[in-house]
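The values are calculated or read from the model by the stated rules, or taken from the named source; none is laboratory data. These numbers come from a predicted model, not from an experiment. Cβ coordinates were reconstructed from backbone atoms using ideal geometry, including for glycine residues, and neighbour counts include every protein chain displayed.
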Amino acid sequence: MRKIIHLDMDAFYASVEQRDHPEWRGKPLAVGGSGERGVIAAASYEARKFGVRSAMSGRKALELCPELIFAPLRFKAYKEVSSKVNTIFSRYTNLIEPLALDEAYLDVTENFVGLESATFIAQSIKNDIYEETGLTASAGVSYNKFLAKLASDEDKPNGLFVIEPKDALQYLEQLPIGKFYGVGSATEKKFKEFGIFKGKDLLYHSQADLLHYFGKSGGFLYNVIRGEDNRPVLSNRERKSLGVETTFQNNIANDDLLWFEARKLLENLQTKCENANTSGRTLTFKIRFSDFSTHTKSRTEREDILNLDDFLDLGVQLYSEFIPLEKEVRLIGFSISGFDKDQEEFQQLSLRLD
């Protein structure tokens, strides 16, 4: 049985800014978001109390919190802190899977410090992070990645939550369906239409039914509700992208016909990701008009885009930005990327306005 830790830095970008600017400590702070079309990249916990969150327009954030302070993004500073944190991780294990600048999985089943307790290791790592960076992190500990990540969200900020094997099934049965990995807002609505509101409701459905109605996401949930997640911590995780596109034999000028073709591409891309056993957080739409002018739009989610509903939900948002068509269309395509949720995610935030 593995011993897995999920470490997640608390309000990372905002916390770095408050550490480096003492006058901002204890005050509502947003990183990014200034300007007429600015978008929030991160919000301090003080700002979150007012409803300010990442991907929200700065204008709406100010409506919610008139006292909000805006800080510019400083990726160099965040990467320097992230490098220090990863150095701390490497003192304990070489099985480290970074998910972003601010979070990672660690497999400490075998570790460099000779400790049998993953809980003690997680607390030691948290202590090291605070002593060496002045920042706090939340940790989740369990026997697989799915449970460890859920655990790290349970006691934020500066938390440490453990899901032991004997408690896992009871914990999962009471978990709201929207908190399960891979369940986005559209899929959550679909699950609820099937009478699935909590984890325990999944137990009444066969694997075949869940696969049929919810695709790969359904198959994944069939296993994890039973406490099964065999994904290893991948220390050599690579950044990748997958894409599909089509050039039309005859240019398209009809909005509905273009969406019909776009939907086919999204279905193809989701199948391609499933076959490759990979997923990402950023969906990009490319469109080339008859005059050969080419444009792209992207959306980045906080969790991996897994199921067809989420692909279609994001795809129609991107497609709609070019509707009604002003020119005939020669080519369209979609690509999935963001397998490493780093600076790329927040570069795309400028395309997201609440």
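Filtering segment 46-57 down to residues that are part of a helix (DSSP H, G or I) and in contact with a Lys or Arg (Cβ under 9 Å, 6 or more places away or on another chain), which residue is farthest from S138 (Cα to Cα)? By that ranking, first place goes to A47.
Among residues of segment 118-137 that are more than 24 Å from E164 (Cα to Cα), those with a beta-carbon under 6 Å from a residue that is of a type in the set (S, T, Y) and part of a helix (DSSP H, G or I) at least six positions away or on a different chain give the pairs L135/S15. Specify the residue that is farthest from the chain's Cα centre (by Cα); the eligible residues are those in segment 203-232 that are closer than 30 Å to T109 by Cα and surrounded by 21 or more Cβ atoms within 10 Å (Cβ to Cβ). For segment 203-232, the residue satisfying everything is I225. On the given criteria, is L234 modelled with pLDDT of 80 or more and either over 30 Å from S90 (Cβ atoms) or touching a Cys at 6+ places or on another chain (Cβ under 9 Å) (or both)? Taking the combined requirement at face value, the residue does not satisfy it.
Listed conditions (1) out of contact with any Gly (no Cβ under 8 Å at 6 or more places or on another chain); (2) within 29 Å of G178 (Cα to Cα); (3) basic (K, R) are all met by R288, apart from (2).
Residue count for segment 111-125 under the criterion of being assigned to a helix (DSSP H, G or I), more than 25 Å from the chain's Cα centre (by Cα) and farther than 13 Å from K3 by Cβ: the result is 1.
Go through segment 73-90 and give me each residue that's surrounded by fewer than 19 Cβ atoms within 10 Å (Cβ to Cβ) and under 14 Å from I5 (Cα atoms).
Residues of segment 73-90 surrounded by fewer than 19 Cβ atoms within 10 Å (Cβ to Cβ): 73-77, 79-80, 83-84, 86-87, 90.
Of everything in segment 73-90, those that are surrounded by fewer than 19 Cβ atoms within 10 Å (Cβ to Cβ) and under 14 Å from I5 (Cα atoms) turn out to be N86, S90.
Can you tell which of L349, L258, L353 is out of contact with any Cys (no Cβ under 9 Å at 6 or more places or on another chain) and either at pLDDT 85 or above or aromatic (F, W, Y) (or both)?
Among L349, L258, L353, only L258 is out of contact with any Cys (no Cβ under 9 Å at 6 or more places or on another chain) and either at pLDDT 85 or above or aromatic (F, W, Y) (or both).
At pLDDT 85 or above and not in a strand (DSSP E or B) - does that describe any residue in segment 327-339? Checked segment 327-339: at least one residue is at pLDDT 85 or above and not in a strand (DSSP E or B).
The residue of segment 126-141 that is surrounded by the most Cβ atoms within 10 Å (Cβ to Cβ), among those that are among the small types (G, A, S) and outside any loop (DSSP other than H, G, I, E, B), is A137. Scanning segment 58-102 for residues that are in contact with a Ser or Thr (Cβ under 8 Å, 6 or more places away or on another chain), part of a loop (DSSP other than H, G, I, E, B) and more than 28 Å from S337 (Cα to Cα) yields a single hit, Y92. Of all residues in segment 178-202, those that are at positive phi have Cβ atoms under 9 Å from Cβ atoms of residues that are surrounded by fewer than 16 Cβ atoms within 10 Å (Cβ to Cβ), 6 or more apart or on another chain, in G182/E303; G195/Y204. Pull up segment 16-45, narrow it to residues that are in contact with a helix residue (DSSP H, G or I) (Cβ under 9 Å, 6 or more places away or on another chain) and assigned to a helix (DSSP H, G or I), then point me to the one that is surrounded by the fewest Cβ atoms within 10 Å (Cβ to Cβ). The qualifying residue surrounded by the fewest Cβ atoms within 10 Å (Cβ to Cβ) is D20. Comparison of K264, K272 shows that the only residue that is exposed (fewer than 14 other Cβ atoms within 10 Å of the Cβ) and in contact with a strand residue (DSSP E or B) (Cβ under 9 Å, 6 or more places away or on another chain) is K264. For segment 150-161, the criterion of being in a strand (DSSP E or B) and among the aliphatic types (A, V, I, L, M) is met by at least one residue. Residue selection: R2 fails the criterion of being closer than 18 Å to E132 by Cβ and surrounded by fewer than 23 Cβ atoms within 10 Å (Cβ to Cβ).
When the residues of segment 162-185 are filtered to those that are under 27 Å from D102 (Cα atoms) and in a helix (DSSP H, G or I), the one that is farthest from the chain's Cα centre (by Cα) is P165.
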